[in-house]
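Report on the following structure.
Every read-out reported here was derived from the displayed coordinates using simple, explicitly stated rules and does not represent laboratory data. Predicted model, so just to flag it, every value in this text is computed and none were measured. Reconstructed Cβ throughout: ideal geometry from the backbone, glycine too, with neighbour counts over all protein chains shown.
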Amino acid sequence: MMFLTYFCMLGFSLRTHKYLFRGAEEHEETESQWSRSKAVTILLIATAFVTLLSEFLVGTIESVRDSVGLTEVFVGVIVVAIVGNAAEHSTAILMAMKNKMDLTVGIAIGSSLQVALFVAPILIFLSYLFGRPMDLEFTMPEVVAVVVSVYILFQISSDGETNWIEGIQLLSLYLILGILFFYLPEPAHTAP
């Protein structure tokens, strides 16, 4: 269901309703576009580099986590989320500085949806291939964090306007969640 929802979302945003995701301003095509084969080649090369760098990141984070005493949940929810989405964060900030708020919110929400509806299920299936099965079983604080985050995002973005205090509110929520996950004890893993 998650894959189906993700692919429906892609169809909605890239095909049937792509006009909703264009900015209010019109862009003039002054640069030539890449061919499909060139774009796919560049994407595959970039993916290979990201995969390699991700392996280095995971190794580094595991050693730092053990030496500092951070829980896996804190590292996964806070540290990896910040580092792993650095490109999306920087792009969203640049678009916000150019006052392109539709695009900014679209980047932030799209990135989250991609991870929740596509990346997480793929990782679940791949974990079985590597002999370390994962699941989508969440603790109550994790569920509450997701529900509260979605609710607050909806409240802030529903009026189609934004201001600096709403940004502060979102950053405050992230800091509160960071503190929650920092002090949340490691869940007890039961042997299958």
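With a point put 7 Å past each Cα toward its Cβ, work out how far Tyr128 is from Phe3 in nm, to one decimal.
Each label point lies 7 Å from its Cα, and together they span 1.1 nm.
Relative contact order for the chain: what is it in percent, counting Cα pairs under 8 Å that are at least 6 residues apart? Don't skip to the end; give the middle numbers.
Values: 69 pairs, mean separation 53.7, N = 192.
Averaging sequence separation for qualifying contacts and normalising by length gives 28 percent for the chain.
Extending each Cα 7 Å along its Cβ direction at Thr16 and Ser149, get the distance between those two points in nm, one decimal.
Going by the 7 Å Cα→Cβ label model, 2.7 nm.
Which of the GluC sites (Glu not before Pro) across region 50-147 are loop residues per DSSP, with 14 or fewer other Cβ within 10 Å?
Those that pass, being in a loop and sparsely packed, are Glu137.
If we sort 111-117, 46-52 on the protection proxy, mean other Cβ atoms within 10 Å, highest first, what's the order?
111-117, 46-52
Can you tell me the dipole magnitude for the chain around its Cα centre, using point charges on the Cβ only (Lys, Arg +1; Asp, Glu -1), in Debye to the nearest 20?
Magnitude of the dipole: close to 420 debye.
In a Gaussian network model over the chain where Cα atoms closer than 10 Å are linked, find which of Pro133, Pro141, Pro121 has the largest mean-square fluctuation.
Of Pro133, Pro141, Pro121, the Gaussian network model singles out Pro133 as fluctuating most.
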